[in-house]
Structure formats: structure tokens, C-alpha cells
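The next block holds one structure in the form of C-alpha cells; read it before the comments.
The values are calculated or read from the model by the stated rules, or taken from the named source; none is laboratory data. Bear in mind that the values here come from a model prediction, so they are computed numbers and not experimental data. So basically every Cβ, Gly included, is an ideal-geometry build from the backbone, and we count neighbours across all protein chains shown.
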Amino acid sequence: MISLLETLAGASPTTAIELRPPFIELNAVDGINAWIDTYHAVYGVTSKNRYVFLTDSAIGQREEHSIRHLVTNLGNDAPRERVVPFLTAKHSLDYCLGYADRASENDFRTLVVVGGDNTVGSARCVAHGWQLRELIRKRQPHLELGGWVNPIKDSQQQIEYLTQAVASTDFYLTQVVSHHHLAEIENFLITSERNALNIPGMFGVFYYRSGNQRTLNLLSQFLPVPRTQLIKEFSSGLTAEQICARSIHRLRRIGIKHFYISNLPVDQAPSLLNTILTLATNDLEDP
């Protein structure tokens, strides 16, 4: 099995999903059921030679220690080269370094290490994600380490963040984007080329489940949500799968080939991913 970094450096496109581990606060029965669903999602996706990212306190809510549960519940059923945990700096430094140690000891090859949202949840143990990646690199030099970038913000500044941290950053993930952000993304790609950014990246796409105004307003606290355009698309009759596929299709047309999809329902993740990728092979014209 080749690792994520090896895949990103190759010629073939790849797709991943991003899942949130069950919350710590779940009772025993609900927690077991949630991890059963997670197990099936991870196994179903990785068995198709795709990747799974597992978040860490994504929106300030405490999630279970993903490595511990993956080792316990998955065993060797899913290739660990294709399972990539997230680690935010929103823990003690001892916890973060111990997490990386445990990942290495259990044959995980890749970690995405980021600062984490400063507006919610616990404080960071370091100011920036690259500082934590540097500490982990010294301790576990063979781990592949991913960083984070937001192509919707100032492209030059975002690229500078990556180039300054290149010694501890092997690849990057982007904040979620959509076909409504094409101008910003094209500018990011041009800026990357102009600055000779030589680390590969994966672009995030969000699975919006509905055009509910209240839900979209809530999501916009954490993501760049094109609310008006999404409401129009849902109102026109497009499904959640078609809208997600449209983003992938349009981003492919401007040269992006690696994606991860966020917010798929855990119990339907493998089948929905297949549906979305099938739809993305077609040109979904605007209504």
C-alpha cells in the first residue's frame, strides 16, 4: 500500500472523505453504534483504494481519540496507510506529542497537523500548526505531515505560510471550496506556480445536505458558504449529490485532481461517495 503523500506525488487523481469521530459525551450504547458506523465507513472507503481523514475537535466539540478506537475497532481490516487522523493544537503539548507517537507505533504513516479554530473550544498549546509539526518532525521524522491553507483568503499570504513551513509540511489540505469560488481558486493556483510551491495539495469540497437558510447560516460561522447560490441550486431541483459533484467537476476543469469531501453522513458515506464521483464525470450545467 502506498501512502497519501506518495499518491499525491503521482499522476493519478485521488479522493478522500473527512469524517468526524463520535463525540466523547455519547452514552455507551450510542457510542458503540456510532463507532460501528465509523468502522463501516472507513472500511468501505479504504477498500476502494481511497483515503479517510478523521477530524479532531473540528468545531470545538470534543471527539473521541480516533487512533485508540481505530486500533481497537478496525484492527487490520483497513489499511492504515489510507487512514489519516487530524491533530489540532487544541490539547496539551504532551497529549499532542503522545498522539503522534501512538500514530507511529500503530503504523499510521500520515498525520494532518493544524492549529485548530481559535474561536471555539480549548486554547492551542502552540500559536501555529507549523510549530507543532516541527516538534513532531523532530520526534517522528518518518511521519508524513500535512498542513492547512485557505485559498479563499489572500493567496500570496497563504502561499507564504506554506513555503515558510515547508521543512515540516509534506502536503496541504485546503479549506472547503466550491464551484462558486473558481476565481479565487484559479488565483491561488497561479500564485502557487509563480512562487514555485512544490508540495502537493488536496482541495476540500463540502457536501451540503440541504438549502436550509438556518443551517447555511450556522455553517458560515466555520466555512466560506456561498449561501445565495446554494439556495438557488437546491430550489432549482438539484440534489445534494449533484451540487457536490458539480464542484468536483468544475474544479477538475481548472486542473485540480485531488479532493476530499466533508460532511457525508457516516452511515452512507461509501455509497454517497460513489454516487458523487459518478455524477462528477458528467458536465452538470447550471439550471
Residue 175 being within 21 Å of residue 116 (Cα to Cα) and more than 16 Å from the chain's Cα centre (by Cα): no
Candidate set: the range 188-210, residues that are of a type in the set (A, V, I, L, M) and modelled with pLDDT of 95 or more; chosen: the one farthest from residue 241 (Cα to Cα): 190
Number of positions in the range 1-15 that are modelled with pLDDT of 85 or more and over 16 Å from residue 145 (Cα atoms): 6
Some residue of the range 209-218 being among the polar types (S, T, N, Q), surrounded by fewer than 19 Cβ atoms within 10 Å (Cβ to Cβ) and out of contact with any helix residue (DSSP H, G or I) (no Cβ under 8 Å at 6 or more places or on another chain): yes
Some residue of the range 230-246 being in contact with a strand residue (DSSP E or B) (Cβ under 8 Å, 6 or more places away or on another chain), of a type outside the set (D, E, K, R) and not in a loop (DSSP other than H, G, I, E, B): yes
Residue list for the range 16-38, restricted to those being modelled with pLDDT of 70 or more and either more than 18 Å from the chain's Cα centre (by Cα) or aliphatic (A, V, I, L, M) (or both): 16, 17, 19, 34, 35, 36, 37
Check on residue 264, touching a residue at least 60 places away in the same chain (Cβ under 8 Å) and either of a type in the set (A, V, I, L, M) or touching a Leu at 6+ places or on another chain (Cβ under 7 Å) (or both): yes
Residue, surrounded by the most Cβ atoms within 10 Å (Cβ to Cβ), within the range 185-200, restricted to residues that are touching a Ser or Thr at 6+ places or on another chain (Cβ under 7 Å) and not aromatic (Phe, Trp, Tyr): 197
Sole exception among (1) touching a Ser or Thr at 6+ places or on another chain (Cβ under 7 Å); (2) surrounded by 19 or more Cβ atoms within 10 Å (Cβ to Cβ); (3) assigned to a loop (DSSP other than H, G, I, E, B) for residue 203, by number: (3)
Selection status of residue 257, surrounded by 14 or more Cβ atoms within 10 Å (Cβ to Cβ) and either of a type in the set (S, T, N, Q) or farther than 23 Å from residue 7 by Cα (or both): no
Candidate set from the range 133-155 (those that are of a type in the set (Asp, Glu) and more than 18 Å from the chain's Cα centre (by Cα)); member that is surrounded by the most Cβ atoms within 10 Å (Cβ to Cβ): 134
Top-ranked residue of the range 156-172 - restricted to ones that are at pLDDT 95 or above and closer than 19 Å to residue 255 by Cα, ranked as farthest from the chain's Cα centre (by Cα): 171
Pair list, Cβ under 9 Å, 6 or more apart: the range 148-160 residue under 18 Å from residue 179 (Cα atoms), other residue loosely packed, with under 14 Cβ neighbours inside 10 Å and at pLDDT 95 or above: 155/190
